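The values are calculated or read from the model by the stated rules, or taken from the named source; none is laboratory data. Bear in mind the structure is a predicted one, so any value in this text is a computation, not a measurement. Ideal geometry is used to build each Cβ from the backbone, glycine not excepted, and the neighbour counts take in all protein chains shown. The accessibility values were calculated without ligands, DNA or RNA, using every heavy atom of the protein model including side chains. Shrake-Rupley method; radii C 1.70, N 1.55, O 1.52, S 1.80 Å.
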Amino acid sequence: MAGLERTESMDAHPRDHRWRAWIGRSQSAQDVLTQGMTTGLCATLDREPTGLHAPQGIHWLCTPPRARRAQLGADGHPATGDFLPPIDLPRRMWASSRMDFLKPIAVGSRIGRTSTITDVTEKSGASGRLIFVEVDHLFTADDEPCVRESQTLVYREAARSPLVLAEASEQPHDWPWIAHWTIDPVLLFRYSALTFNGHRIHYDQPYATQVEGYPGLVAQGPLMATLMLDLCDRKLGKNRLARFSFRGVGPAFCGETLIVAGRAHGPKVDLKIFTDTGRTVMTGQGICIREPHE
């Protein structure tokens, strides 16, 4: 995932008839949340394993698409045209998500996921054509709903010129919660391995720079969102969020230090991730429930 680096004025096209048949298409998968998944995520976050319940965000490790090598596209993702529509734009990113945490997920639970495409919209902006795909996911743990998530994927044209990064917009001096994370190849590799994410922009330097036009390896969107959830976990207690949303604002790259910032006002939590140069790369919001889950 690499967020839209600047806000673009975008014109919506009439919905292409090619996409109408894909709206409503569903896909289901099953998994088991193992102790190894939870221990691996906690190790990646540099903390001790949790107890009975896994950290929030663990659902991104469960039921990822596990396509065979012959079914992969040039970018390392499963090729489109199976569940996701056959979009001909080469660059893909996870732009945003909003989710409800319905119940904590116990280690050892049987996990189910049902994903449904709810909309496909084509637009045009300064960077060319963009196609937005909206996907709703319902996760269950031992047949009980545990996470409901609405995800926005964005497909873009090939890079026409080197990426121009936004200027520094804010410093996190007024944020009471702060965590620093240096993005290095091991962190990117571990998170990609945990989530079975083959997208080459996260580990293949020549591909990221020469094909997709980035200045380096790109930090995963859900990794940065997981760092936000981890900050809430450390400051509020385990499994305290009832709702959480995030939006990618700009990409973050290997070698940069991320400053994960947060603040609570009543049950609401504001979250933001800056780079050490002051660029904002992700924003987030949460709603906190009254009592922590053990």
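With a simple spin-label model that places each label point 7 Å from the Cα along the Cα-to-Cβ direction, the separation between Phe189 and Glu48 comes to 2.8 nm. Of the residues Phe83, Phe101, Phe253, the one that moves most in a GNM of the chain with alpha-carbon contacts below 10 Å is Phe83. Annotation: lysines with alpha-carbon distance below 29 angstrom to Lys235 (same-chain offsets under eight excluded): Lys103, Lys268, Lys272. In this simple spin-label model, placing a label point 7 Å from the Cα along the Cα-to-Cβ direction at both Ala158 and Ala126 gives a separation of 2.3 nm. With K and R counted +1 and D and E -1, the other residues having a Cβ less than 11 Å from that of Phe101 yield a net charge of +2.
When shorter helices are ignored and each DSSP H run of at least 4 residues is given -39500 (n - 2.57), the per-residue value for the chain at 222 nm works out to -4000 deg cm²/dmol.
Tell me, in nm to one decimal, what length is gained between Phe196 and His180 on full extension, where the rule is 0.36 nm per residue of separation less the Cα-Cα distance?
Values: separation 16, 0.36 × 16 = 5.76 nm, distance 2.52 nm.
In short, 3.2 nm is gained.
The 1.4 Å probe gives accessible areas that order Glu48, Glu134, Glu144, largest first, as Glu48, Glu144, Glu134.
The separation of region 113-129 from region 28-96, counted between C-alpha centres, amounts to 20 Å. Size descriptors for the chain (Cα atoms only): Rg and Dmax, in that order, 18.5, 51 Å. What the Cα atoms of region 170-244 give is an Rg and a Dmax of 14.9, 43 Å.
Using the Cα atoms as the points, what is the convex hull volume per residue of region 159-287 in Å³?
Numbers: hull volume 13.6 nm³, N = 129.
With only Cα atoms used, region 159-287 gives 105 Å³ per residue.
Residue separation of Thr257 and Asp82 scaled by 0.36 nm, minus their Cα-Cα distance, works out to 59.3 nm of gained length.
Using heavy atoms of the protein chains and a probe of 1.4 Å, the accessible area assigned to His265 is about 90 Å². Working value for region 89-204: equivalent-ellipsoid semi-axes of 29, 23, 17 Å, each the square root of 5 times a Cα gyration tensor eigenvalue, largest first. Quick one: compute the contact order of the chain, relative version, from alpha carbon pairs under 8 angstrom and 6+ residues apart, as a percent. Rounded, it is 23 percent for the chain. Arg66 exposes around 130 Å² of accessible area when a 1.4 Å probe is run over every protein chain in place. The label point for Arg18 and the one for His265, both projected 7 Å from the Cα toward the Cβ, are 4.5 nm apart.
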